[in-house]
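Below you'll find the structure, written out as structure tokens, and then a few comments.
None of the figures in this text is laboratory data; all of them are computed from the coordinates on show. None of these values were measured; they are calculated from a predicted model. Don't worry about glycine lacking a Cβ; one is built from the backbone with ideal geometry, like all the others, and counts go over all protein chains shown.
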Amino acid sequence: MTNAELERTTPRAAAGTRTTMAALVYHGPGQRAWEDKPRPTVQDPGDAIVRITTSTICGTDLHILKGDVPTVTDGRILGHEGIGVVEQLGAGVSEFHVGERVIISCVTACLKCDFCKRGMYSHCQRGGWILGNTIDGTQAEYVRIPHADGSLYHFPADADEEAMVMLSDILPTGFECGVLNGQVKPGDTVAIVGAGPIGLAVLLTAQFYSPGAIFMIDLDDKRLAVAKQFGATTLINSADGHAADRVMELTEGAGVDVAVEAVGLPATFAICQAVVAAGGRIANVGVHGKPVELHLEKLWDRNIAITTRLVDTVTTPMLLKVVRSGKLQPSQLVTHRFAMHDIMKAYDTFANAANEGALKVILTSGGLL
Ligand SMILES: NC(=O)c1ccc[n+]([C@@H]2O[C@H](COP(=O)([O-])OP(=O)(O)OC[C@H]3O[C@@H](n4cnc5c(N)ncnc54)[C@H](O)[C@@H]3O)[C@@H](O)[C@H]2O)c1
Ligand SMILES: [Zn+2]
Ligand SMILES: [Zn+2]
């Protein structure tokens with residue numbers, strides 16, 4: 001290795017003898033294992049190798065394990081959220097240095113392609129949502145981040161890792177796919193279907209715009225109770241199948257200005273269609289594995305809009321400022337903490353959220369060599 005290359009790697013990485021690491025690996029629907037994998041190495045000049053210090057599990061990881069995301073194939077390391085320390089850099093990375101703590105975005109952006117130039121990083125022609133999907137992800141000791149200049153954020157000095165890891169995915173997702181696409185306005189009545197971490201992120205960020213009322217709909221009373229603390233005005237448990245009727249009663253038959261789908265099931269998309277007011281918006285956030293029925297026979301004359309979006313993470317710098325100011329406190333979403341090597345248990349807890357009272361499950365790692 002030349003001196004120039006050595007400058008772009010930590011002494012720990014340069015001296016490291018281990019060529020493997022532990023990682024959470026997907027082996028087809030319902031199958032996951034914590035096992036040894038080769039440690040990632042720089043493959044392209046834009047790459048960073050990041051040693052993971054904090055990661056977490058997303059509802060999307062559960063969809064992957066259900067087989068809902070066919071782009072994820074056997075052998076893939078899961079995870080698209082994380083904080084870590086830059087261990088090695090390719091020669092083309094200019095914005096970060098070795099040893100620096102970084103926030104990893106769930107979406108990889110080259111910043112140069114047509115999609116990136118219009119702020120649609122989710123469809124970057126050289127990136128997009130690839131981490132823990134088409135390339136190995138963050139639920140591991142190390143991860144390779146392509147196009148590091150566009151896909152990492154500087155970790156603010158003295159910030160809290162548990163709060164910052166919510167910027168990898170859930171805060172930009174809730175805000176962009178739910179609030180911005182739903183065009184939440186002051187005074188609006190908003191219904192959020194799904195009080196998981198994503199639905200709660202919609203709830204938190206919708207309040208930037210002072211909606212008049214926020215109905216939170218879920219099957220899980222514990223999650224609904226959290227929603228109440230976070231500013232929901234009305235809680236509706238949909239277990240009896242009458243959530244939509246309840247929303248219509250509460251709005252005197254008018255329905256809601258914004259219905260956000262934050263689950264990813266035909267039944268929850270159906271609730272959104274049943275409650276959207278004339279002139280309203282349905283903002284879909286959930287990852288769907290099955291087709292939904294679209295009731296155009298009821299909606300064709302209602303002047304509504306239906307939006308879908310894969311998070312672009314273009315609002316991450318703004319959300320970072322809001323979190324830093326203390327106006328948004330996403331670490332409130334953390335309910336459980338595990339060491340990274342206990343990730344199999346962490347998955348059991350997150351997948352059984354209703355019984356466990358789980359929201360965001362934090363995984364920490366010393367990244368031992
Ligand atoms: N569009 C994007 O870019 C993007 C990004 C991240 C996550 N997502 C998706 O957002 C969704 C939510 O993610 P999460 O991490 O909060 O997931 P989660 O699994 O923790 O939460 C889903 C919630 O839906 C509730 N639910 C299930 N069935 C219901 C029903 N019939 N009625 C009402 N509530 C019901 C559950 O009780 C749970 O609280 C997932 O589909 C995830 O894949 C999308
Ligand atoms: Zn996610
Ligand atoms: Zn791009």
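Charges only on Cβ, +1 for Lys and Arg, -1 for Asp and Glu: so what's the dipole of the range 173-308 about the Cα centre, in debye to the nearest 20?
Values: 9 positive and 14 negative charges, 56 e Å.
About 280 debye.
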Point to revise | Selected from A109, A358, A48 as most flexible by GNM, with the chain as the system and alpha-carbon contacts under 10 Å | key: A358
Check your understanding: Which one of L152, G286, A191 has its Cα pushed farthest toward the positive end of the charge dipole of the chain, where Lys and Arg give +1 and Asp and Glu give -1 at the Cβ?
Key -> L152
Check your understanding: Each residue of the range 176-189 in order: what ³J(HN,Hα) in whole Hz does its phi give by Karplus 6.51 cos²θ - 1.76 cosθ + 1.60, θ = phi - 60°, with x for Gly and Pro?
Key -> 6, 6, x, 7, 5, 5, x, 6, 4, 10, x, x, 4, 9
Point to revise | Filtered chymotrypsin sites (Phe, Trp or Tyr not before Pro), the range 296-355: DSSP coil and at most 14 other beta carbons within 10 Å | key: W300
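With +1 on each Lys and Arg Cβ and -1 on each Asp and Glu Cβ, and nothing else charged, work out how big the dipole of the chain is about its Cα centre, in Debye to the nearest 20. If you can, show how the numbers build up before the last one.
Details: 31 positive and 40 negative charges, 84 e Å.
Magnitude of the dipole: close to 400 debye.
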Study note, to complete from the structure: Residues T313, T54 in order from fewest to most other beta-carbon atoms within 10 Å are T54, T313
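Where both partners of a DSSP beta bridge lie in the range 146-264, what percent of those bridges are antiparallel, to the nearest 5?
Details: 0 of 13 bridges.
Looking only at bridges with both residues in the range 146-264, the antiparallel portion is about 0 percent.
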Review point. Once fully extended, how much extra length lies between Q229 and D160, figured as 0.36 nm per residue of separation less the alpha-carbon to alpha-carbon distance?
Key: 22.7 nm
Review point. Between L111 and E252, 0.36 nm times their residue separation minus their Cα-Cα distance comes to what?
Key: 46.0 nm
Exercise for review: Along Cα→Cβ, 7 Å out, is where each label goes; now give me the distance between the ones at R18 and K66 in nm to one decimal.
Suggested key: 3.5 nm
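What does the charge add up to near C116, with Lys and Arg as +1, Asp and Glu as -1, over the other residues with Cβ less than 13 Å from its Cβ?
Working: positive: K112, K117, R118, R126; negative: D114, D149, D312.
Net charge around C116: +1.
For the range 63-112, state which GluC sites (Glu not before Pro) are in a DSSP loop and have at most 16 other beta carbons lying within 10 Å of their beta carbon. Walk me through the intermediate numbers first.
Values: sites: E81, E87, E95, E100; in loops: E81, E95, E100.
The qualifying sites are E95, E100.
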Check your understanding: Among the lysines, which fall within straight-line cross-link reach of K345, defined as a Cα-Cα distance under 16 Å, with same-chain neighbours fewer than 8 residues apart omitted?
Key -> K360
Point to revise | Selection from V258, L200, T234 lying farthest towards where the dipole of the range 173-308 points positive, charges on Cβ | key: L200
Review point. Measuring from label point to label point, each 7 Å out along Cα→Cβ, what is the R337 to S94 span in nm?
Key: 4.0 nm
Revision key, fill the gap. Within the set D44, D312, D220, GNM on the chain using Cα springs under 10 Å gives the largest fluctuation to D44
Check your understanding: Just going by the charge dipole of the chain, with Lys and Arg at +1 and Asp and Glu at -1 on Cβ, which of V50, G99, L299 is farthest out on the positive end?
Key -> G99
**Study point:** Helical mean residue ellipticity (222 nm; -39500 (n - 2.57) per DSSP H run of 4+; nearest 500) of the chain
**Key:** -6500 deg cm²/dmol
Review point. What is the gain in length, in nm to one decimal, between K290 and D74 on full extension, counting 0.36 nm per residue of separation less the C-alpha to C-alpha distance?
Key: 75.7 nm
Point to revise | Most mobile listed residue (M216, M120, M344) in the chain, GNM with C-alpha springs under 10 Å | key: M344
Study note, to complete from the structure: Footprinting proxy, T71, T349: sorted fewest to most Cβ within 10 Å, the residues are T71, T349
Check your understanding: If one computes the Cα centroid of the range 246-268 and of the range 178-239, what distance in Å separates the two points?
Key -> 11 Å
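How much of the DSSP bridge set in the chain is antiparallel, in percent, rounded to the nearest 5?
Values: 32 of 60 bridges.
Bridges in the chain that DSSP calls antiparallel: roughly 55 percent.
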